[in-house]
Amino acid sequence: MEREIRVKPGAPLREGDVVESQRRLYNLGIFNRVTIEPQNPDGSDPDKDIVVLVEEAKRYTMAYGGGFEVQRLASTTNPTGGQVQAAPRGIFEFTKVNLTGRADSLSLKLRGSTIEDRALLGYSIPNTFGNSHYSTQATAYTEKTQDINTFTEMRYEGSMQLTDQATPFTTVLYRYAFRKVLVSNLKFTTEEIPLFEQPTLVSEFGVTWLRDARNNPADATKGSFNSADFNVASTRIGSSASFLRLFFQNSTYHPIKRRFSFARSIRIGILEPFANTESLSFPAPTAAECSGTALKPGPTPEIIPLPERFFAGGGTSLRGFALNQAGPRDPCTGFPVGGQALLALNQEFRFPMRLPYIGTSLGGALFYDGGNVYSRLSHITLRAYSPKPVFALQDPSQPASATNPTVCVFNCTNELNYFAHTVGLGIRYATPVGPIRIDLGYQINRPFFVVPCVSSTTGTPVTPSCFKGAQLPRLQIFFNLGSTF
């Protein structure tokens, strides 16, 4: 505790030193009250004894709560369909502070819903190396998510992180993480399932730089937020694949008169394989490959695992797509497979709305979102449309039937490298923990992509060799808590 006190023996008693000492003691998280004052302040002796009185906080805390989550999810059976899914959510947290008498803490956090289950065990140590700028965190983490309709993910992860609070606005994080990811309920062809169902092991080192100068992180109207995250995973340290990952975000917030404001953000993500890991490729499939009867020659290629790729779409990224529905798709089934590059631009013009009984808590927004997930960095483009697939009867001289299906003859890869444009409007209701948002997005340039022909009665593919063109819904609606970016 003594190292946190800025008041030095023999030095003048400055108010700034007293306030800074109180702040540092409170930041340890183990005191409910801190009082620093001179003993006998009215005495004539110029030298004073300084008394530091602290009241220790409860060592055990427990919190619990519940909520209701609404998400616009894609269909698990139809690659172009969607559904609004509502799910109850429960939260439980248990924390023991000052575990060993050194201001360290141990916490368990549980969260469960029908969309996502999560458990996190964390251990935190402040004042690492005897320096108040450094702290250390160790976490064990497990999560099961079903927010990407291509697969269900089960993740187990352990990590160590060193945090450097370089300035009041700037933080640098150094970490090592090891995780095992299992995927199930895959919406791929039979031939591809063995490749993607293999347990994914990721062993990586990373560093993150953050600079947060927003006036209110929950609902900013002024300031900026910048982050850069770099990670390297390699088979030499136990990973299933070798790749570099870079993610950058820049967001700024500009107030305008009378509670009007403008906010913008750019997010860029890059995945680059190295060593024996290959980049994603999207060759046009054959009917035999889509039916799972054709075997590709040679060994199985080493590619970036499915859960490690970029996905986008939803109320906090590109609002012209349902959750995680942007970017390349499987050419045989039409479901999203993620990509190695991400570009997302968001702009919002926010304005107040005054209604009876609500006052100034209600606001509106006009927004534009642009960008997409791309198969790789070199394929990022600003073109508005991807090449449209061309279909024809397998035997043009005969009428369409189960034995003479419609097949794709050109542009059949479903790579979908194009720049999506979305406009929309939203309603915001201010709360202490951030705005409750309802957003309606309209994608201007929906692409065509290849999906299998499906029976209208059974909902199953008519035949593995029959394909048709499809588009995603033009309108998307989202319900979220918190800011978009």
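Computed from Cα atoms, the angle from the helix 15-27 axis to the main principal axis of the chain rounds to 50 degrees. Quick one: if the Förster radius is 25 Å, what FRET efficiency do THR167 and ASP47 give, using the C-beta to C-beta distance and rounding to 0.05? The calculated FRET efficiency here is 0.10.
Modelled label positions at MET154 and GLU55, each set 7 Å beyond Cα in the direction of Cβ, lie 4.8 nm from each other. Of the residues PHE479, MET353, PRO387, the one whose Cα sits farthest towards the positive end of the charge dipole of region 346-485 is MET353 (charges of +1 on Lys and Arg Cβ, -1 on Asp and Glu Cβ, taken about the Cα centre). Projecting the Cα atoms of TYR156, ASN324, ILE125 onto the dipole axis of the chain, where Lys and Arg carry +1 and Asp and Glu carry -1 at the beta carbon, places ASN324 farthest toward the positive end.
Loop-resident trypsin sites (Lys or Arg not before Pro) (DSSP state other than H, G, I, E or B) in region 348-449 with no more than 13 further Cβ atoms inside 10 Å of their Cβ: ARG354, ARG383. Using the Cβ-Cβ distance between ASP117 and ALA228 with R0 set to 35 Å, the FRET efficiency from 1/(1 + (r/R0)^6) comes to roughly 0.70. Rolling a 1.4 Å probe over the heavy atoms of the protein chains gives the chain an accessible area of 51 Å² per residue.
Per residue, the average separation of C-alpha pairs within less than 8 Å and at least 6 apart gives the chain a relative contact order of 10 percent. Estimated from helices alone, the mean residue ellipticity of the chain at 222 nm is -1000 deg cm²/dmol (sum of -39500 (n - 2.57) over DSSP H runs with n ≥ 4, per residue).
Extension gain, PHE479-ALA63: 0.36 nm per intervening residue step, less the Cα-Cα distance, totals 147.2 nm.
Its Cα centre serving as origin, the chain has a Cβ charge dipole (Lys and Arg +1, Asp and Glu -1) of approximately 1200 debye.
Here, P(r) means the percent of Cα pairs in each 20 Å bin from 0 to the largest distance; for the chain it is 19, 48, 25, 7, 1, 0. Note on region 360-406: with neighbouring protein chains present and a 1.4 Å probe, carbon and sulfur make up 60 percent of its accessible heavy-atom surface. Taking one quarter of the surface of the convex hull spanned by the alpha-carbon atoms of region 117-187 gives a direction-averaged projected area of 6.0 nm².
Compute the FRET efficiency between ARG102 and PHE410 as 1/(1 + (r/R0)^6), taking r as their Cβ-Cβ distance and R0 = 56 Å, and round to the nearest 0.05. Efficiency at R0 = 56 Å is approximately 0.25.
Counting lysine pairs in the chain whose alpha carbons fall under 24 angstrom apart, excluding pairs fewer than 8 residues apart on the same chain, gives 13.
Subtracting the Cα-Cα distance of PHE349 and ASN216 from their residue separation scaled by 0.36 nm leaves 46.2 nm. Full extension of the chain between ILE427 and VAL7 yields a length gain of 146.2 nm, computed as 0.36 nm times the residue separation minus the alpha carbon distance.
The values are calculated or read from the model by the stated rules, or taken from the named source; none is laboratory data. Just so you know, these numbers come straight off a predicted model, no measurement behind them. Glycine gets a Cβ as well: all are built from the backbone with ideal geometry, and neighbour counts include every protein chain shown. These accessible areas exclude ligands, DNA and RNA; they are computed on the full protein's heavy atoms, side chains included. Shrake-Rupley method; radii C 1.70, N 1.55, O 1.52, S 1.80 Å.
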